[in-house]
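Read the structure below first, then the notes.
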Amino acid sequence: MDFYNVINKIKNKYLNNNKEDVLRHVEDVADIAVGLADAYNLNIKQVQLAAFLHDISSIMTPQEMYELAKRRGLEIGPSEEKYHALLHQRISKIIAQEELDITDPYILNAVECHTTLRKNASICDKIIFVADKISRDSQCVPLHSELLRSGDIKLLDEACYSYIKHQIDNNLLAMPHQWILEAYEELKTNKE
């Protein structure tokens, strides 16, 4: 399927489900992510597609996400069990695969961990993670403007680490997801 047709199909999915606010957010994330993809010499279309897909599960309620995860036999962690909305990143991947025929693992992996990140994250995973946070509050990701210019992987890792550290240090995560804790430990170890 043509890239622009896929983007339009995704946009229509948001609009047809009265998610105009989410569409505005994913468009903003896509703009930020494209700038980062350019700085880090990544495939712009892959990154843009991951950005547009990352919150596609917003068309469902958290309870519907939970029920789908249970039907699929997904392993549900304690934080997802308590806060079903945390499943949205994993459910977005399922919707991307099954309803929009996305098969590129590079895109799907970035969608699947955009909220929590995870250990062994790719550059694309980190870019979608950071772009999502910058979109919500540009000050919450230190060095965000430098990221758009540098192409320095260490700076990208530092931005991910600093964001997660701030969340943990200030008790902003009611019940941290296992993936974010693993990502934090890996980023912390790589810093040392």
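Below is a table of values for the structure above.
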read-out	value
Residue, surrounded by the most Cβ atoms within 10 Å (Cβ to Cβ), within the stretch 1-32, restricted to residues that are aliphatic (A, V, I, L, M) and modelled with pLDDT under 95	32
Residue, nearest to residue 128 (Cα to Cα), within the stretch 39-56, restricted to residues that are within 18 Å of the chain's Cα centre (by Cα) and surrounded by fewer than 24 Cβ atoms within 10 Å (Cβ to Cβ)	48
Odd one out for residue 187, checked against (1) over 22 Å from residue 48 (Cα atoms); (2) outside any helix (DSSP H, G or I); (3) of a type in the set (A, V, I, L, M, F, W, C)	(2)
Residues of the stretch 116-134 classified as in contact (Cβ under 8 Å) with a residue 60 or more places away in the chain, farther than 16 Å from residue 52 by Cβ and touching a Leu at 6+ places or on another chain (Cβ under 8 Å), total	3
Residue list for the stretch 153-164, filter: surrounded by 15 or more Cβ atoms within 10 Å (Cβ to Cβ) and of a type outside the set (A, V, I, L, M, F, W, C)	157, 158, 161, 162, 163
Every residue from the stretch 13-34 that is over 19 Å from residue 94 (Cβ atoms) and over 16 Å from the mean Cα position of the chain (by Cα)	15, 18, 20, 21
Test: residue 79 is of a type in the set (S, T, N, Q), touching a Leu at 6+ places or on another chain (Cβ under 7 Å) and surrounded by 14 or more Cβ atoms within 10 Å (Cβ to Cβ)	yes
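The values are calculated or read from the model by the stated rules, or taken from the named source; none is laboratory data. It should be emphasised that the depicted structure is a prediction, and the values quoted were computed from it without experimental measurement. For neighbour counting, all protein chains shown are included, and Cβ atoms are generated from backbone atoms with ideal geometry for every residue, glycine included.
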